[in-house]
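Working notes, structure below.
The values are calculated or read from the model by the stated rules, or taken from the named source; none is laboratory data. Small disclaimer: the values here were computed from a predicted structure and weren't measured. Note that each Cβ is placed from the backbone with ideal geometry, even for glycine, and that neighbours are counted across all protein chains shown. Please note that ligands, DNA and RNA were not included when accessible areas were found on the heavy atoms of the full protein model with its side chains. Shrake-Rupley method; radii C 1.70, N 1.55, O 1.52, S 1.80 Å.
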Amino acid sequence: GASGPLAGRRVLVTAGPTHEPIDPVRYLANRSSGKQGFALAGALARVGAEVVLVAGPCALATPAGVTRVDVETAREMLSACRDALPVDAAICVAAVADWRVAETGAQKLKKDATGGAPPALALTENPDILATLAQLETGRPALVVGFAAETDRVLDHARAKRARKRCDWIVANDVSAATGIMGGDDTAVTVITDAGEDALPAGSKVAVAEALAARIAAALTPTPET
Ligand code: C5P
């Protein structure tokens, strides 16, 4: 079996974008690469955790020692997360689409069917996976962590998100275009918890994932009395 501080602990990680179908050949999506979530899943496995990675569509290799469940839509992601329970920690890194198309037909939308007028797409809200897991009445993971990718007033928005969703930690990062974080290999994050706010050293998504995995391990491991 695995060794390390998280040996015997089960951790769920969501990663990547979701794809929300418009019709059989089109979908709504976003620019998430999945890199940060995959890096975190790998780092958690390296410190001994049994990791279930629920991944939206992304072209990344499964990290060593990680069990991967591929999904497409937000609703499939939520259902795969529920199937993965119980877990000691749930880390929601996925960039879940906030909305999906309310009614998707079985046939491809046709230009001629509307006389050339663009079709109106009615959207409906997707489930919030992080908020759902953080507010489970039975079987809530001991540690629920969300990510907040923001382009302005990053810490304010992240604090508000933590309170609204009722997760334990929010990992805030500034994804404004100039940072190159969205889709890039490097990142800089601030971890917001009940105990305060810590800016981690900036670095590769892999290095930041390792720092986060160490914190998660410390949070799930009872500290010996001194
Ligand atoms: O509200 P916002 O999308 O900015 O929140 C980001 C956090 O919430 C991330 O941890 C993301 O994985 C999670 N989230 C989710 N389900 C949604 C929307 C966001 O799990 N439908």
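Tabulated data
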quantity	calculated
Inter-residue pairs, beta-carbon under 8 Å, first closer than 14 Å to W169 by Cβ and in segment 188-214, second among the basic types (K, R), 6+ apart	V191/R215; I192/R159; I192/R162; A213/R46
Residue in segment 104-120 that is polar (S, T, N, Q), more than 9 Å from the ligand (Cβ to nearest atom), at pLDDT 95 or above and more than 19 Å from A148 (Cα to Cα) present	no
Meets criteria (hydroxyl-bearing (S, T, Y) and either under 26 Å from T221 (Cβ atoms) or in a loop (DSSP other than H, G, I, E, B) (or both)) for T124	no
Answer from L6, L40, L44 - the residue that is at pLDDT 95 or above, assigned to a loop (DSSP other than H, G, I, E, B) and surrounded by 18 or more Cβ atoms within 10 Å (Cβ to Cβ)	L6
Looking only at segment 121-135, and only at residues there that are of a type outside the set (A, V, I, L, M, F, W, C) and near the ligand (Cβ under 9 Å from one of its atoms), the one that is farthest from L6 (Cα to Cα)	E125
Per-region count, segment 155-194, residues at pLDDT 90 or above and part of a helix (DSSP H, G or I)	11
Members of segment 9-37 that are surrounded by fewer than 17 Cβ atoms within 10 Å (Cβ to Cβ), in contact with a strand residue (DSSP E or B) (Cβ under 7 Å, 6 or more places away or on another chain) and either without any contact (Cβ under 8 Å) to a residue 24 or more places away in the chain or part of a strand (DSSP E or B) (or both)	P21
Residue list for segment 47-59, restricted to those being free of Cβ contacts under 8 Å to residues at least 24 places away in the same chain and open to solvent by less than 50 Å² (accessible area, probe 1.4 Å)	none
Candidate set: segment 108-135, residues that are in contact with a helix residue (DSSP H, G or I) (Cβ under 9 Å, 6 or more places away or on another chain) and among the polar types (S, T, N, Q); chosen: the one surrounded by the fewest Cβ atoms within 10 Å (Cβ to Cβ)	Q135
Identity of the residue in segment 136-167, closer than 18 Å to P86 by Cβ and within 12 Å of the ligand (Cβ to nearest atom), that ends up surrounded by the most Cβ atoms within 10 Å (Cβ to Cβ)	V145
Top-ranked residue in segment 191-224 [being acidic (D, E) and over 19 Å from R9 (Cβ atoms); ranked as surrounded by the fewest Cβ atoms within 10 Å (Cβ to Cβ)]	D194
Close pairs from segment 158-177: first on the phi > 0 side of the Ramachandran plot, partner modelled with pLDDT of 95 or more, Cβ under 6 Å, at least 6 apart	R166/A134; R166/Q135
Residue check for E76: under 24 Å from D23 (Cα atoms), more than 9 Å from the ligand (Cβ to nearest atom) and surrounded by 12 or more Cβ atoms within 10 Å (Cβ to Cβ)	yes
